[in-house]
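Notes follow once the structure below has been shown.
The values are calculated or read from the model by the stated rules, or taken from the named source; none is laboratory data. A quick note: this is a predicted structure, and the numbers were derived from the prediction, not measured. With ideal geometry, Cβ positions are generated from the backbone for all residues, glycine too; neighbour counts draw on all protein chains shown. Side chains are part of the model used for accessible areas, which takes the heavy atoms of the whole protein and leaves out ligands, DNA and RNA. Shrake-Rupley method; radii C 1.70, N 1.55, O 1.52, S 1.80 Å.
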Amino acid sequence: LTLALLSSANSPADARFGEVNLTGANFGTVDLSPLVLLAGAEQLTHWTSDTAISVQLLDGVMGGLPIAVRYTPTETYPTKLSFSFDVPLVYDLSSTNYAAEGSAMLTLQAENFGTSDMSNRVKIGQTACQGQDQWTSDTAMVCRVAAGLGQGLGLAVVMKGQGGDETVLQPYSVSYDRVKVTALRPNNGPIMGNFTLTILGSNFGAYDNSPLARVQSTGCHSSLWVSSSTVLCKVPIGFDISAGAIIRSGTSEGSLARSFSYDNLHPPEPSFTELSTKGGPATGGFLVSLTGVFKAPAALAPPDGASSCAGTA
C-alpha cells in the first residue's frame with residue numbers, strides 16, 4: 001500500500017463530516033472495507049478504487065496526527081502523511097483582570113475548541129484554572145480563575161487530543177489586582193531597627209508567595225506573609241525621617257510613600273519665648289531664667305562669637 005497525496009491536510013475543528021480524498025496505490029481492486037486512522041482514531045472511510053480512498057472526517061483537535069490505513073484488526077499500514085485540525089484561537093475574554101484571591105469565572109470566546117468536550121484546560125501563566133473547565137461549544141469555554149499574582153500573564157489552552165496534550169498560547173494576557181499598601185503599624189521606630197513592622201493593605205496573595213518587604217531602599221531582615229492583607233517586616237537599621245514601605249509579591253509591587261520615620265538623631269532647636277531679665281552686671285554671676293519649648297541636650301552650645309553660661313539647670 002502506498003499513500004502519496006491528500007486533497008487537504010488541514011481542517012477546522014468543527015468540520016465534522018468534511019471530506020478528504022487520499023490518493024495512492026494498492027488500495028485493492030475490490031472494496032476490502034479499509035479504515036483510515038488519525039492518531040489511531042477511526043474515521044468514516046469510503047473505498048473508491050485501487051488508487052483512491054475518501055474520508056469523512058469526524059471532529060478533532062491538534063495537529064500532526066499520523067495517518068494509517070487498517071484492513072483487518074491485525075493488518076494496519078502506517079504512512080508518512082499526517083493531518084491537522086486548526087488550533088484554538090481566542091478572540092474575546094469576559095475580563096482580563098481578576099482579584100488576587102481568584103474564584104471568578106472567565107469566559108473565553110474562540111474558534112476550534114472542538115465539536116465535543118475534549119477535556120481541554122485553560123492556564124493563566126503557569127497556573128491552571130480551578131476544578132474542571134466547562135466546554136460549552138466549539139466557540140466557548142468557561143473556567144474558574146485560580147488565586148494568583150502578577151500582571152501580563154500569558155493565557156494558554158491545553159488541548160487533549162488524539163496525539164496527546166498540546167499547549168496553545170493565545171494573543172491575550174491576564175492580570176491580577178496589584179499589591180496595595182494602605183497603612184503601617186507602628187509608623188515610627190528606633191534607628192537600630194530590629195522590631196516588627198506590620199504592613200497592611202490588599203492583594204498580598206491568597207497564599208504565601210514569599211513576599212519581599214523594604215523600608216525605603218533597604219530590605220527587611222525578614223518578611224513574613226500572614227494573609228492577603230498583612231505582611232510582617234523585621235525592620236532594618238535606618239536614618240530616614242520620611243521613608244516609605246514597599247512590598248513585592250510575585251511580579252506585583254506596591255508602596256506607601258512617606259509612611260514611616262526613624263527617630264531623629266538631632267533634637268529640634270530650642271525655642272525661647274521669655275527671659276527673666278534682659279541685662280546684668282558685666283562681671284556676671286547672676287541667674288537668668290529662660291522660658292520656652294525645647295528638648296535640650298546636656299549643655300546648650302552658644303551661638304558663634306557668644307560665651308556659654310557657667311551652668312544650666
### Query
How many of the residues making up the stretch 63-91 are over 14 Å from residue 9 (Cβ atoms), open to solvent by less than 40 Å² (accessible area, probe 1.4 Å), among the aliphatic types (A, V, I, L, M) and within 38 Å of the chain's Cα centre (by Cα)?
1
### Task
From the list 31, 92, pick out the single residue that is touching a strand residue (DSSP E or B) at 6+ places or on another chain (Cβ under 7 Å) and either among the hydroxyl-bearing types (Ser, Thr, Tyr) or more than 29 Å from residue 121 (Cβ to Cβ) (or both).
31
### Summary
Matching residues in the stretch 26-41 (at pLDDT 85 or above, assigned to a loop (DSSP other than H, G, I, E, B) and among the aliphatic types (A, V, I, L, M)) number 2
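Could you count how many residues in the stretch 4-62 are within 18 Å of residue 116 (Cβ to Cβ) and either surrounded by fewer than 16 Cβ atoms within 10 Å (Cβ to Cβ) or not β-branched (Val, Ile, Thr) (or both)? Before you say what the answer is, go through the steps one by one.
At the first step, the residues of the stretch 4-62 found to be within 18 Å of residue 116 (Cβ to Cβ) are 11-18, 38-44, 56-62.
Restricting the remaining residues to those that are either surrounded by fewer than 16 Cβ atoms within 10 Å (Cβ to Cβ) or not β-branched (Val, Ile, Thr) (or both) gives 11-18, 38-44, 56-60, 62.
Total meeting the criteria: 21.
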### Query
When both residues are 6+ apart or on different chains and their Cβ atoms are under 8 Å apart, which pairs have a first residue that lies in the stretch 242-265 and is at positive phi, and a second that is open to solvent by 50 Å² or more (accessible area, probe 1.4 Å) and not in a strand (DSSP E or B)?
250/209
### Query
If you scan the stretch 223-256, which residues turn out to be open to solvent by 30 Å² or more (accessible area, probe 1.4 Å), out of contact with any Lys or Arg (no Cβ under 8 Å at 6 or more places or on another chain), in a loop (DSSP other than H, G, I, E, B) and over 18 Å from residue 101 (Cβ atoms)?
237, 239, 240, 241
### Query
Of the residues in the stretch 166-222, how many are open to solvent by less than 70 Å² (accessible area, probe 1.4 Å), in a loop (DSSP other than H, G, I, E, B), in contact (Cβ under 8 Å) with a residue 60 or more places away in the chain and of a type in the set (S, T, N, Q)?
2
### Task
Go through the stretch 42-75 residue by residue and tally those that are under 19 Å from residue 23 (Cα atoms) and either polar (S, T, N, Q) or part of a strand (DSSP E or B) (or both).
21
